[in-house]
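Heads up: the structure comes next, in structure tokens.
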Amino acid sequence: MDFRFSEQEEKLRLQVRQFCEEEPPESFPCEIEDEGYGFGGWSRAFTTRLGQKGWLSISWPQEYGGMGRTVMERFVVAEELAYHRAPQYGHLFGDAVAAGLLTHGTEAQKKDFLPKLARAEILFSTGLSEPGAGSDLLNTATRAIKSGDDYILNGQKIWPTGAHLAEWSLILARTDPEAPKSRGLSTFLVDVRSPGVTVNPIIDMAGAESFTEIFLEDVRVPRENLLGQENRGLPLVFECLEGDRFWGRCLRHAGSRKDLEELVEYTTQTRYNGRSLLDDQVLRDQLAEIAIELEVSRMINYKAAWLMNQGASLSWESSVVKTFADELGQRIAAIGLQVLGPEIQLQDDPKWAALRKRFTFLYNFNRGLSLAGGTSEIQRNTIAMRGLGLPRS
Amino acid sequence: MDFSYSEEQEMLRKIARDFLATECPRDTIRQMIREQTGHDPKLWQKMAELGWMGLVIPEEFGGTGGSFLDAAALIEETGRASLPGPFFTTLVGTLALMNMGSQPQKQELLPQVAEGSMVLTLAISEPGVGYELDAIRSQATVKNGGYVIKGTKLFVDNADVADMMICLAGIRSGTGKRQVTPFLVDMRSPGVVCTPLQSLGGEKQFQVTLKNVKVPHGRMLAEGMETEREVRRLIKWAATLKCAEMVGGAQQVMDMTTDYVKERVQFDHPIGSLQALQHHCANMLIDLEGMKYITYLAAWRINEGIPYSKEAAMAKSWNSDAYKRICDLAHQCHGAIGFCEDHDLPLYSKRVMPSAFAFGDAPTQRQFVARAIGL
């Protein structure tokens, strides 16, 4: 047992820390604000800068624009960026697609897409859910019909994050309606600037424009943009999502450590009803509990990163990562509100304006954490069936 | 980064698991709990022969010089088996001797512990006092070159079979400053009176009254050290080992529950196919994963000599609460059969609160954590 990072990993962490000091992440403009998952806001400018540093493709092979380094090194970079609330959301879905490309892409696809993804010349969204297929991807209705050297896509996708900001989307569509549901789906790399594609942002209950709907109307997709084998799209998507479930949630402990530090600072400096918040035993207990849960979350996340670093693919472990992180995020938001109290609404106090604004946003947004990327209920089904071997319901 | 036990530790665990399954099956445990002492000297001797008592004792004192992590690995297994008896307190007592004992004390006592002829227990809490050293009222005074101790100790495990008790009592130094100090008290000393308590989970706990008990010179621990700091460290080690014990127990409860819901058929299906129960089981596994890694983190830090007080407090808080949630859900999954006295589940679920109380309960640990994060 050893919970230290290697010398090389620590060296890389220092480089990231130095980068954040020299080029403060908050100085980069964001198209979508920080939603509290731990990977900050969605920023093309910052993502591009990360691409220049080579940090979007740390663990990819060098021949495809990567740095050929380890998964753990990639994790360390992401973790350090998260603590600095750097906006690294922009490449999250590209990461999932890159994972699919690396294992299932043709040589031509890898040579074409990966270097561009590594430099953030293109960004991706993932178009999976549909109005009639939320958690239930088996009932995907979007159709892809072969026509000469192309496929023609028709259908509607809903909830992709950032599809209105990204150039490309990974689209799941039905190629064989006669086959059993799980064996008739394929994945396509779709340029959303193609004729017939319409992307509309959807405003969420926190007021953010982060997720979208995509309409596909006779969209022509060249055959070489089929990712993986025809009709084998579903396992590929699950594989990509597996990584995405981890990478999308594995930074909670780092991002929220800063939230906790700020709440502690507020508590030590604030009086309410004539006494210091420090004397409120309930708040002390709740903040201590958050500190403990962040540490538990950190260890759960490290365990999964360690498994991946050895080349193992995650199964139920990423569902544990996600469920714990998302529900912890909700508890942090709730306790943050409790600490900040009704005065959270006084957002003109320069000292606490940023903290109050952040928690006002999280108060509303945190409800979505346990829904996005597979609900906590679906995650628990996965944990029960794959982690414990319980029979299918 | 490495989340795995070493090969040797895995072997230790495997041997312990197999040994306890054969030598200490659950029917035997239930029998031991019903009997007066809850301690089986024959089993104890076999454990000593396996090297368990000497696991952390240096070779020069008759042990095998194992590490704190080795001890945590073994305790995880005794927790899984819900082994009753004084092994836990003997191990913690051994750590006290190793870290606070003088060379002559170690030379005299550690070899006896290693060969299985010395059972140790701990006397910390008192009526109205948990683990807050400043509140401890038992008092030692210097008399005729030795000491005399007066006081009442609570929740002393297996006091009736222990040979020696590590007992905390205040003593005034030459400058008049009172310092809580551990003493080695021979349980056969005149004036030591053990009264069994009605325990929560079948463990054998006692109130021990010390009526002017004479303790000879040379039986004070931590002489010349920052005594209270050493005692606080010992309590954190004990709390961390208690966490490892809870991890083992929780793993067993998880396995038992998983097996049961796969086999038990109702409505023509195994009940494990019902999502309500699947989600109970998933919640148990999430809590268990957290228990393991926060415990390993604290144990590893102790092992490496990296500051560990905060992590140990975090582990004890999390494990105390999570183990309770796991047992609550396990009972819900088992239904009425798990509610029977002869079922294995109560062997674990009845001990949740005693484990949670031991070495500081969750709210107490969180008070410590609150201070540690700057509150």
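Seen from all directions on average, chain B presents a Cα convex hull projection of 19.7 nm².
Sorting B:Met353, A:Met205, B:Met100 by accessible area (1.4 Å probe), largest first, what list results?
Values: B:Met353 70, A:Met205 125, B:Met100 5 Å².
The ordering from most to least exposed comes out as A:Met205, B:Met353, B:Met100.
Counting only aspartates and glutamates at least 8 places from A:Lys11 when in the same chain, those with an alpha carbon closer than 16 Å to its own are A:Glu21, A:Glu73, A:Glu79, A:Glu80.
Entry for region A:36-194 at q = 0.11, 0.12, 0.18 Å⁻¹: log10 I(q)/I(0) = -0.48, -0.57, -1.12, Debye formula applied to identical alpha-carbon scatterers, no solvent contribution. Between region B:265-304 and region B:175-230, what is the C-alpha centre distance in whole Å? Taking the Cα centre of region B:175-230 as reference, the centre of region B:265-304 is 39 Å away. Each Cα pair under 8 Å and six or more residues apart adds its separation to the average, and for chain A the resulting relative contact order is 15 percent. Taking 7 Å steps out from each Cα toward its Cβ at A:Ala108 and B:Val142 produces label points 9.2 nm apart. Multiplying each eigenvalue of the alpha-carbon gyration tensor of region B:104-222 by 5 and taking the square root yields semi-axes of 22, 19, 12 Å, largest first, rounded to whole angstroms. For region A:249-387, relative contact order (Cα pairs under 8 Å, six or more residues apart, normalised by length) works out to 28 percent.
Within the shell of other residues whose beta carbon sits under 9 angstrom from the beta carbon of A:Ser186, the net charge comes to 0, with Lys and Arg scored +1 and Asp and Glu -1.
Remark on region A:339-393: Rg and Dmax equal 18.6, 56 Å (Cα only).
Could you please tell me the mean projected area of the C-alpha convex hull for chain A, averaged over all directions and given in square nanometres to one decimal?
Working: hull surface 82.3 nm².
The Cα convex hull of chain A, projected and averaged over all directions, gives 20.6 nm².
For B:Ser67, A:Ser43, the ranking by accessible surface with the largest value first comes to B:Ser67, A:Ser43, using a 1.4 Å probe. Here r is the Cβ-Cβ distance between B:Gln266 and A:Ser135 and R0 is 35 Å; the resulting FRET efficiency, rounded to 0.05, is 0.85.
Taking all Cα-Cα distances within region A:65-108, those exceeding 14 Å account for 62%. When the alpha carbon coordinates of region B:269-375 are projected onto the principal axes, the ranges are 51, 28, 27 Å, largest first. Taking 7 Å steps out from each Cα toward its Cβ at A:Glu178 and B:Glu10 produces label points 5.0 nm apart.
Only protein atoms count toward the accessible area here, which uses a 1.4 Å probe; on chain B, the carbon and sulfur part of that area reaches 51 percent.
Counting only trypsin sites (Lys or Arg not before Pro) that DSSP places in a loop and that have at most 13 other Cβ atoms within 10 Å, the longest clean stretch of chain A runs over A:5-192. Over chain B, Cα pairs under 8 Å with separation of 6+ residues give a relative contact order of 15 percent. With all protein chains kept in place, the per residue accessible area of region A:7-122 amounts to 40 square angstrom at a probe of 1.4 angstrom.
Let me check I've understood the local charge: for A:Ala141, count other residues with C-beta under 12 angstrom from its C-beta, Lys and Arg +1, Asp and Glu -1. What total comes out?
Result for the neighbourhood of A:Ala141: +2.
With Cα atoms defining each centre, region A:122-137 and region B:110-126 are spaced 62 Å apart in the structure.
The convex hull built on the alpha-carbon positions of region A:125-231 has an orientation-averaged projected area of 6.4 nm².
Rolling a 1.4 Å probe over the protein heavy atoms gives region A:249-387 an accessible area of 39 Å² per residue. The alpha carbon radius of gyration of region B:160-284, expressed as a multiple of 2.2 N^0.38 Å, is 1.71.
When shorter helices are ignored and each DSSP H run of at least 4 residues is given -39500 (n - 2.57), the per-residue value for chain B at 222 nm works out to -17000 deg cm²/dmol. Which value, in square angstrom to the nearest 100, describes the accessible area buried between chains B and A on both sides, using a 1.4 angstrom probe? In total, this chain pair buries about 4200 Å². Percent of C-alpha pairs per 5 Å bin in region A:7-122, short distances first: 2, 12, 23, 25, 19, 12, 5, 1.
Max-minus-min Cα coordinates of region A:249-387 on each principal axis give 54, 24, 23 Å, with the largest extent listed first. Quick check: from the Cα gyration tensor, does region B:43-143 come out rounded (a/c under 1.5), prolate or oblate? Oblate shape, in that a/c is at least 1.5 and b/c is the bigger or equal ratio. Taken along its three principal axes, the alpha carbon spread of the protein assembly as shown comes to 102, 63, 48 Å, from the longest extent down to the shortest. Site-free segments of chain B were taken between trypsin sites (Lys or Arg not before Pro) in DSSP loops having at most 11 other Cβ atoms within 10 Å, sites themselves excluded; the longest one is B:189-375.
The values are calculated or read from the model by the stated rules, or taken from the named source; none is laboratory data. Fair warning: this is a prediction, and the values are worked out from it, not measured in the lab. Positions of Cβ are backbone-derived with ideal geometry, glycine not excepted, and every protein chain shown enters the neighbour counts. The accessibility values were calculated without ligands, DNA or RNA, using every heavy atom of the protein model including side chains. Shrake-Rupley method; radii C 1.70, N 1.55, O 1.52, S 1.80 Å.
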